[in-house]
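Below is one structure, written out as structure tokens; comments come after it.
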Amino acid sequence: MNVKQAEKRVTELRNLINKHNYQYYVLDDPVVPDAEYDRLMSELVQLEEEYPELIASDSPTQRVGAKPLSEFKEIKHTVPMLSLGNAFNEEEMQAFNKRISEKLGTDEVIYSAETKLDGLAVSIIYKEGKLFVAATRGDGNVGEDITLNVRTIQSVPLVLLGNDMPEYLEVRGEVFMTHKGFEVLNKKQKEKEEKLFANPRNAAAGSLRQLDARLTAERPLSFYAYGVGEYKGKVKLQKHIQTLDLLKKWGLPVAPETSEVNGLNACFDYYKRIGERRNHLAYEIDGVVFKVNDLDQQQELGFVSRAPRWAIAYKFPPVEEITQLLDIEIQVGRTGALTPVARLAPVKVAGVTITNATLHNLDEIKRKDVRIGDWVYIRRAGDVIPEVVRVIKEKRGKVIKFEMPSECPVCGSDVERIDGEAVYRCMGGLSCSAQNIQSIIHFASRKAMNIDGLGEKLIIQLIESNLVNNVADLYQLKHEQLAELDRMGTKSAENILQALNKSRSTTFERFIYALGIREVGEATARSLARHFKALEKLQYAQAEELETISDIGPIVAHNIYSFFQQKHNLEIIQRLLDAKITWDDIDVDDLSNEYAGMSFVLTGSLQSMSREEAKQKLLNLGAKVSGSVSRNTSYLVYGENPGSKFDKASALNIPTITEDAFLEMIGESK
Ligand code: IVH
């Protein structure tokens, strides 16, 4: 290849890569698998290495610069970056809408409705379609030059796409971190024993303002545009939504939840709808924003002090609340782990009354210096268990320091802490009723033996009435014994027996998982089943052989080995086999049967693979993959920014699962 040919190919590759970025970040519809994208990128890197004269600053290979800065330069905003007025309730929204309708003399104002992203405002200037400068908001008039940092954000185009390219375009938008990105980052921080970030906003702020942009490049930052500052171009901007559509055409990502609404009631509907979806969005929001859609009307309305009259942020009630911590109790889990749980004076957090919150373990309690009687901040994020965020030290009165008990509060056995582990454990094993109950619940659970109808309440009753002591006893239950229990009856007893009967034919991996060996989750159980194929082989396996299986390290190998050394466990297994628990021998075809007849729909952008790869995996497992949700859909797998498919699945009561849950389901979780 000569330089001429190389130049041609380099241009071609850059265009292709930019187009794929656009498909991925703006349209949320990647057209090539990640591997193909990576291939194009490495071809470009190679050509640029071979012909350094072809390197250009707007090449997709040139996002990350080499040298750290000694300070950020100042940037003056030619159009000030303003903030927004707030509304906290319907009355304030009503007042806002009234002011506007009166001033404009219209009954029904048309608004652009947007999510209020919780990140940092930035301004990005494109000259002749090329990224020129990016700045923070600063005090609204003067910000800091963070061009090198913003260039590293994958979803920010280095060159604009399409036609009617503006001569000069100042894009305003928010840099933020998705929940997923935040989790991944904190996990890495933890591994490196570096400071953890308190929330996605702090993480985004800390990542963006780095003098060494190579550090920013390692952080999972995202960007959505929500407006325009200074602008010189052929197309006349008349409406806000039209402006956002243009930005999208030029390759800038805009939050997919953005829509046009007419009048106050439609604003309320939007607020409610987004509020309901808030926990399922890929990113954190603290409210919604309404902007008068017509730009002439915006001008007419003008500004008050630092905020425009034509826009408002309608905030959600906070997800963090203050309450008093009344007591710290201990919960004993299936493996004996003691988890401290905060009992709280009831408090409403984002519409849900909270009375308990997890404190994780003793190290956490010490780190946060939480004491009984303290006033604390409680946070509820999405569907996760509420947690104690921090103590309000200034409010501290009479408090009691918490201590881990030296005896199990349930069975009185010794409590020990294994070196290097954060958890304290009850050493009582299955003689501890708490561990016993939890292990039976685990055995019966959906992913284990899947004994329909056998839940916690019934299990406790069975244990208390001495009908069941361990999992093997379940299969000895008689109809009359079950029918006599509280809230049971002939029919329910019949159903339980049927469910037990049905669970007798299972799979090897479910059986292994159901045994509840410490740290053997579904994926490990699956690996064990595939490796050993027969129970006798697994039972007699030495730790060395176990360690040869991928994902099994010395600790898990030891847990498995010692589980099968316990006489008690072997007796229970024998009794289960005597009770005719069976599974078919494993062969590879079998593995695909599990998914035969199931139909999956994929939506949103996945993090660890493209949708195409996910589809291939499902097809290999024997499942069907469909483009649209219907009553026949078995699962909807959703990534970031799921769209209407998610809503449709929810409306049809079809299970929706995250990418992580999906990976776990197919045995590929990390
Ligand atoms: S418009 C004059 N739109 O909220 C209009 N801001 O409180 C100013 N924000 O500094 C901004 N999502 O960082 C706008 N859809 C959205 C937004 C948004 C988040 C942030 C932005 C701004 C702050 C104002």
Set of lysines with alpha-carbon distance to residue 398 below 26 Å, sequence-local pairs under 8 removed
348, 366, 368
Please work out the Cα center distance from region 134-168 to region 517-589, rounded to the nearest Å.
55 Å
Treating region 144-287 as a set of equal point scatterers at the Cα positions, no solvent, please give the Debye-formula log₁₀ I(q)/I(0) at q = 0.16, 0.18, 0.21 Å⁻¹.
-0.98, -1.14, -1.30
I'd like the accessible area for residue 231: 1.4 Å probe, protein heavy atoms, all chains in place, Å² to the nearest 10.
50 Å²
Quickly rank 59-71, 134-146 as a protection proxy: mean count of other C-beta atoms within 10 Å, highest first.
134-146, 59-71
First compute the accessible area of the chain with a 1.4 Å probe, then give the percent of it belonging to carbon and sulfur atoms.
48 percent
Tilt, helix 611-620 to longest principal axis of the chain (alpha-carbon atoms), in degrees rounded to tens, equals 30 degrees
Length-normalised contact order for region 548-670 - Cα pairs under 8 Å, 6+ apart - percent
21 percent
So which lysines can residue 457 reach, going by Cα to Cα under 18 Å and dropping same-chain residues fewer than 8 places off?
491
Which whole-number percent gives the relative contact order of the chain, counting Cα pairs below 8 Å spaced six or more residues apart?
9 percent
Given the whole protein assembly as supplied and a 1.4 Å probe, what does the accessible area of residue 48 come to in Å², nearest 10?
10 Å²
Compute the projected area of the convex hull of the Cα atoms of region 187-267, averaged over all viewing directions, and report it in nm² to one decimal place.
8.7 nm²
For the chain, projected area of the alpha-carbon convex hull averaged over all directions, nm²:
36.5 nm²
Distances longer than 16 Å among the Cα atoms of region 504-612: what percent of all pairs is that?
64 percent
Please quote Rg/Rh for region 115-187 to two decimal places, taking the Kirkwood radius as Rh and restricting both calculations to Cα atoms.
1.01
Which of the peptides 534-546, 551-563 is most tightly packed, and how do the rest follow, going by the mean number of other Cβ atoms within 10 Å of each residue?
551-563, 534-546
Residue 66 versus residue 460, label points 7 Å from Cα toward the beta carbon: distance in nm?
6.7 nm
Beta bridge orientation in the chain: antiparallel %, DSSP, nearest 5:
85 percent
Give, as ranges by residue number, the residues of region 303-329 whose backbone N falls under 14 Å from the point 7 Å along Cα→Cβ of residue 358.
none
Rounded to whole angstroms and listed largest first, the alpha-carbon spread of region 513-557 along its three principal axes comes to 21, 20, 14
Whichever aspartates and glutamates have a C-alpha closer than 18 Å to that of residue 447, once near sequence neighbours (fewer than 8 apart) are set aside:
456, 509, 519, 522, 584, 590, 594, 659, 660, 664, 668
Unmatched cysteines, the chain - criterion: no other Cβ of a Cys under 4.7 angstrom:
267
Taking θ as phi - 60°, what are the ³J(HN,Hα) couplings along region 660-667 by the Karplus curve (6.51, -1.76, 1.60), each to the nearest whole Hz, with x for Gly and Pro?
4, 5, 5, 4, 5, 4, 8, x
Note to self: with every protein chain in place and a 1.4 Å probe, the chain gives an accessible area per residue in Å² of 51 Å²
log₁₀ of I(q)/I(0) at q = 0.12, 0.14, 0.17 Å⁻¹ - region 2-102, Debye sum with one point per alpha carbon
-0.68, -0.76, -0.89
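The values are calculated or read from the model by the stated rules, or taken from the named source; none is laboratory data. This structure is a prediction, so every number in the text was calculated from the model and none was measured. Please note: Cβ atoms are built from the backbone with ideal geometry, for glycine as well, and neighbour counts cover all protein chains shown. Heavy atoms of the whole protein, side chains included, go into the accessibility calculation; ligands, DNA and RNA do not. Shrake-Rupley method; radii C 1.70, N 1.55, O 1.52, S 1.80 Å.
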